[in-house]
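Structure first, then comments.
The values are calculated or read from the model by the stated rules, or taken from the named source; none is laboratory data. A quick note: this is a predicted structure, and the numbers were derived from the prediction, not measured. Virtual Cβ from ideal backbone geometry, glycine too; neighbours counted across all protein chains shown.
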Amino acid sequence: MSGEIIRLNEITRFFRVGTEVVRALRGVSLSINRNEYVALMGPSGSGKSTLMNLLGCLDTPTSGSYILNGNDVSKLEDNDLAEIRNREIGFVFQTFNLLPRLTALENVALPMIYAGAAKPKRLERAMEVLDSVKLTDRVKHKPNELSGGQRQRVAIARAMVNNPSIILADEPTGNLDSKTSIEIMGLIEEIHKAGNTIILVTHEEDIARHAHRIVRLSDGLVASDEINKDIRTINYYQTH
């Protein structure tokens, strides 16, 4: 299915710090289509993290509208935001954010508990996505028994388990060595090829070059929005 999945109209986000007002976003307008692969870049203080939190429904704007998959989510209360977040967005974080006492299988199944799925269905689907990231031999391992790359693959499987509309990857290779980073970027590429919309937040130029479109932020505004003519491609299956 093609067409727009995200539309931001004149989004602002102001924070009050003591007596000072910090204008993190100062009127951002942006649209992203289904199955796009977009990198979001910008230096520290550019508004990149604030924008990522808004796109991920972790925060709401001060003004402007955010249409996500046909729903205006800019004015929703926390409970409604949490529901949309669990249904529409799969998160992949730099620090993996896995629960240490749960196995890989249990970590991956977790979002389905919040979605109200029955246990047999949760475990079946969790096994399915762990198989897709080549981790069926590690399903009973806890995070401390896995390498950094394996932990990030568990996190990617967890992001995919509810079939979200968007995968939002925040510095997904930030804690990984270069060889493992290549493997993870290859996996994200395969997920995109399967039809997922990917938003990749990064400050690294070589990681951003995997995306098909690069949006750069500066001082709370979109400084540039360009098609990437120098796409780096990796076949994940050739790395395994």
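Okay, here's what the table says:
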read-out	value
Test: residue in the stretch 7-21 that is modelled with pLDDT under 95, farther than 25 Å from residue 189 by Cβ and of a type in the set (D, E, K, R)	yes
From 98, 40, residue being outside any loop (DSSP other than H, G, I, E, B), out of contact with any Gly (no Cβ under 9 Å at 6 or more places or on another chain) and buried (at least 21 other Cβ atoms within 10 Å of the Cβ)	40
From the options 23, 87, 13, residue that is out of contact with any Lys or Arg (no Cβ under 9 Å at 6 or more places or on another chain), at negative phi and either surrounded by fewer than 16 Cβ atoms within 10 Å (Cβ to Cβ) or of a type in the set (D, E, K, R) (or both)	87
Within the stretch 164-203, tally of residues that are in contact with a helix residue (DSSP H, G or I) (Cβ under 6 Å, 6 or more places away or on another chain), small (Gly, Ala, Ser) and in a helix (DSSP H, G or I)	1
Test: residue in the stretch 105-127 that is small (Gly, Ala, Ser), touching a residue at least 24 places away in the same chain (Cβ under 8 Å) and over 27 Å from residue 33 (Cα atoms)	yes
Residue, farthest from residue 213 (Cα to Cα), within the stretch 6-34, restricted to residues that are of a type in the set (Lys, Arg) and in a strand (DSSP E or B)	16
Top-ranked residue of the stretch 190-204 - restricted to ones that are crowded, with 20+ Cβ neighbours inside 10 Å and not β-branched (Val, Ile, Thr), ranked as modelled with the highest pLDDT	200
Where a residue in the stretch 74-91 is touching a residue at least 24 places away in the same chain (Cβ under 8 Å) and its partner, wherever it lies, is in a helix (DSSP H, G or I) and loosely packed, with under 14 Cβ neighbours inside 10 Å, with Cβ under 7 Å and at least six apart	86/114
The lone exception for residue 31 - which of (1) within 22 Å of residue 195 (Cα to Cα); (2) surrounded by 17 or more Cβ atoms within 10 Å (Cβ to Cβ) it fails	(2)
Any hit, the stretch 69-84, residues being assigned to a helix (DSSP H, G or I) and in contact with a Pro (Cβ under 6 Å, 6 or more places away or on another chain)	no
Meets criteria (touching a Ser or Thr at 6+ places or on another chain (Cβ under 7 Å), at pLDDT 95 or above and of a type outside the set (D, E, K, R)) for residue 173	no
Unmet requirement for residue 135, which otherwise passes all of (1) surrounded by 15 or more Cβ atoms within 10 Å (Cβ to Cβ); (2) under 20 Å from the mean Cα position of the chain (by Cα); (3) of a type in the set (A, V, I, L, M)	(2)
